[in-house]
Amino acid sequence: MLAAFVVAGLMIGSFLNVVIARVPEHRSLWAPGSACPSCGAAIAWYDNIPVLSFLALRARCRRCGVGISWRYPLIEAVTAVLFAAAAVAFGPTPEGIVAAALLAVLVALTAIDLERQILPDVITLPGILAGVLANLATSRLSLRESLLGVVVGGGVFLVIILASGGGMGAGDMKLGAMLGAFLGWKVVLLSIFMAVSVGGALAVILMATGLRGRKDPIPFGPFLAAGGAAGLFWGERVLRWYLSGFAS
Ligand SMILES: [Zn+2]
């Protein structure tokens, strides 16, 4: 069971590499097939096996020898690890599959935001609908809880954007709404709180050490994605623990 999730993670991770490279450029995900960006040689299936081909080719194109980015096997490996974690936490259930799918989307959004400082609408907007439908299908959350999650997850960022005059982008707001659809309003608030805490602390450290200037953009999407993943795995448990403190 675990092996099935890991293999699926490697394959989905390989597909995410295509998503990360092509979606921001509005290119088709299906055609043309993968090719070397340097010499244009089509990549054969045996040179396109997740992680293994990268190692076998020693990070070089078979034809022209140009270096292949370590980002490709990294994305595949990270996705496989996250899928394994979803399998362990939720089991081979519809919930486990939804968790893995959400994590895959978060991997793609993180990589795209780090590289280009955008969170594409073509991923986040359908993601909101997918979150609501996934909860309807699995009955993990009620429709009300999921829709409230959309309003709260997006609303927090709307308030931040209005109050700060653009400290965060509309992309962050849509990702917040998407996470709310999947996680519900309580857990998404916790996720946003974690993202703001960690992201804010890191921004202060980067500016204090002079690694980043006040004007250099630090994308917030990766922190929000990480907060969402943490909320997915531990959110319910943290809320129970927190609320039990008041009840006793
Ligand atoms: Zn090449």
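Worth a mention:
- Residues of the stretch 43-56 include at least one that is touching a Cys at 6+ places or on another chain (Cβ under 7 Å) and assigned to a loop (DSSP other than H, G, I, E, B).
- The stretch 18-50: number of residues that are among the aliphatic types (A, V, I, L, M), within 16 Å of the ligand (Cβ to nearest atom) and surrounded by 13 or more Cβ atoms within 10 Å (Cβ to Cβ): 3
- Flag not set for A80, criterion: within 26 Å of L141 (Cβ to Cβ) and part of a helix (DSSP H, G or I).
- Unmet requirement for G65, which otherwise passes all of (1) assigned to a helix (DSSP H, G or I); (2) more than 30 Å from M173 (Cβ to Cβ): (1)
- When M11 is tested against (1) part of a helix (DSSP H, G or I); (2) farther than 29 Å from T138 by Cα, only condition (2) is not met.
Conditions tested, residue by residue: (1) among the hydrophobic types (A, V, I, L, M, F, W, C); (2) over 22 Å from G96 (Cα atoms); (3) in contact with a Cys (Cβ under 8 Å, 6 or more places away or on another chain).
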| site | (1), (2), (3) |
| --- | --- |
| D121 | no, yes, no |
| R140 | no, no, no |
| R144 | no, no, no |
| L147 | yes, no, no |
| V152 | yes, yes, no |
| V156 | yes, yes, no |
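- Hey, L189 within 23 Å of I112 (Cβ to Cβ) and touching a helix residue (DSSP H, G or I) at 6+ places or on another chain (Cβ under 9 Å) or not: no
- Residue within the stretch 79-95 that is modelled with pLDDT under 95, in contact with a Phe, Trp or Tyr (Cβ under 9 Å, 6 or more places away or on another chain), on the phi < 0 side of the Ramachandran plot and hydrophobic (A, V, I, L, M, F, W, C) present: no
- The lone exception for G96 - which of (1) touching a residue at least 24 places away in the same chain (Cβ under 8 Å); (2) out of contact with any Lys or Arg (no Cβ under 9 Å at 6 or more places or on another chain); (3) within 16 Å of the ligand (Cβ to nearest atom) it fails: (3)
- Taking the criterion of being under 29 Å from D121 (Cα atoms) and of a type in the set (S, T, Y), the residues of the stretch 18-72 that qualify are S28, S34, S69, Y72.
- Cβ separations smaller than 7 Å between residues 6+ apart or across chains give the following pairs from the stretch 190-205 residues that are more than 17 Å from G153 (Cβ to Cβ) and part of a helix (DSSP H, G or I) to residues that are at pLDDT below 95 and of a type outside the set (D, E): A203/I218.
- Filtered by the rule that a residue be without any contact (Cβ under 8 Å) to a residue 60 or more places away in the chain and crowded, with 19+ Cβ neighbours inside 10 Å, the stretch 106-129 gives T124, G127, I128.
- Residues located in the stretch 54-86, provided they are buried (at least 21 other Cβ atoms within 10 Å of the Cβ), more than 16 Å from the ligand (Cβ to nearest atom) and of a type outside the set (G, A, S): P73, I75, E76, T79, L82, F83
The values are calculated or read from the model by the stated rules, or taken from the named source; none is laboratory data. On a predicted model such as this, the values are computed, not experimentally measured, just so you know. For neighbour counting, all protein chains shown are included, and Cβ atoms are generated from backbone atoms with ideal geometry for every residue, glycine included.
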